[in-house]
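Here's the structure, in structure tokens; my notes come after.
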Amino acid sequence: MPTYLATSTVNRADAEVLVVHCSDHRFQAGIREFLDQGLHLGDNYDLLIIPGGPQCLTLVEYLPKFSWVGGKWFRYLVEKHDLKRLILVAHQECGWYRSLPLHLHTSTIPRERQEEDLRRAHRALMKDFPELQVELYYAGWDGADHVSIESISI
Ligand SMILES: [Zn+2]
């Protein structure tokens, strides 16, 4: 393939937002649409997309190296890019959670485990970054397979 030239140009505006979500391909387009059109972020946000998404910001005792690197990436982006707002998105049927032992959470119900982690991540990050505005979301789908994203209380 010859060089691909995008119609998009380099975005030179500063971002103030970090979005953390899972790698699962089923949700990428829906989450991107939510960020662009639902939250009107345009493309002015940094992204941290890894399996399990926000879960990397919790569970220090179970996967310490995983948590360490998640924290390292997070700190790098927030401090170097002077970010002000954090958006954490968990999603329905996240395969990453099937790989985690059940004793790590107070509930065995997948969605409750994920919401617990969203709140854990929020509490942990507030200690080091009290100025950061944090928003929690859960992505699923409706009866017509449209991605639906709802806000989760902190
Ligand atoms: Zn996932």
Inset, instruction - Amide H neighbours of LEU41 under 5 Å, at least 5 residues apart or on other chains, H built in the peptide plane: list them. - result: ASP36
Legend entry - Highest-MSF residue in the chain out of SER67, SER107, SER23 [GNM, Cα springs under 10 Å]: SER107
Inset, instruction - Grab the Cα-Cα distance for ASP43 and SER23, subtract it from 0.36 nm times how many residues apart they are, and report the gain in nm with one decimal. - result: 5.4 nm
Inset, instruction - Using a cut-off of 12 Å between beta-carbons, work out the net charge of the residues near ARG26 (Lys and Arg +1, Asp and Glu -1, ARG26 not included). - result: -3
Inset, instruction - Positive end of the charge dipole of the chain (Lys, Arg +1 and Asp, Glu -1 on Cβ, about the Cα centre): tell me which of TYR62, TRP141, PHE74 has its Cα farthest that way. - result: TYR62
Legend entry - Model label zone, LYS84; criterion: amide N under 20 Å from point 7 Å along Cα-to-beta-carbon; scope the range 122-154: 126-136
Inset, instruction - Name the residue, out of TYR97, TYR45, TYR76, whose mean-square fluctuation peaks in a Gaussian network model built on the chain with Cα pairs under 10 Å. - result: TYR76
Inset, instruction - Check cross-link reach from LYS84 to the lysines: straight Cα distance under 23 Å, and skip same-chain residues fewer than eight apart. - result: LYS72, LYS127
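May I ask for the longest run of the chain untouched by GluC sites (Glu not before Pro) that are loop-located per DSSP and have at most 11 neighbouring C-beta atoms (other than their own) within 10 Å?
The longest uninterrupted stretch comes out as 62-130.
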Inset, instruction - Indicate, rounded to the nearest 5 percent, the antiparallel portion of the DSSP beta bridges found entirely in the chain. - result: 25 percent
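Projected area of the range 30-154, taken from the Cα convex hull and averaged over every viewing direction, in nm²?
Working: hull surface 31.5 nm².
Taking a quarter of the hull surface, the average projection is 7.9 nm².
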Inset, instruction - Putting +1 on Lys and Arg Cβ atoms and -1 on Asp and Glu Cβ atoms, find which of LEU5, CYS94, ILE31 reaches farthest to the positive end of the dipole of the chain. - result: CYS94
Legend entry - Calculated from backbone phi, Karplus (6.51, -1.76, 1.60) coupling profile of the range 68-75 in Hz, x at Gly/Pro: 4, 5, x, x, 5, 4, 4, 4
Inset, instruction - Springs between alpha-carbon atoms under 10 Å, Gaussian network over the chain: tell me which of LEU136, LEU57, LEU39 tops the mean-square fluctuations. - result: LEU39
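Quick one: compute the contact order of the chain, relative version, from alpha carbon pairs under 8 angstrom and 6+ residues apart, as a percent. Intermediate values should be presented prior to the final figure.
Working: 216 pairs, mean separation 40.2, N = 154.
Across the chain, relative contact order equals 26 percent.
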Legend entry - Extension reserve of the TYR76-LEU5 stretch, reckoned as 0.36 nm per residue once the Cα distance is removed: 22.6 nm
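No lab work stands behind these numbers, since they all come straight from the coordinates. Please read all numbers here as calculations on a predicted model, not as lab measurements. Note: ideal-geometry Cβ built from the backbone for every residue, glycine included; neighbour counts use all protein chains shown.
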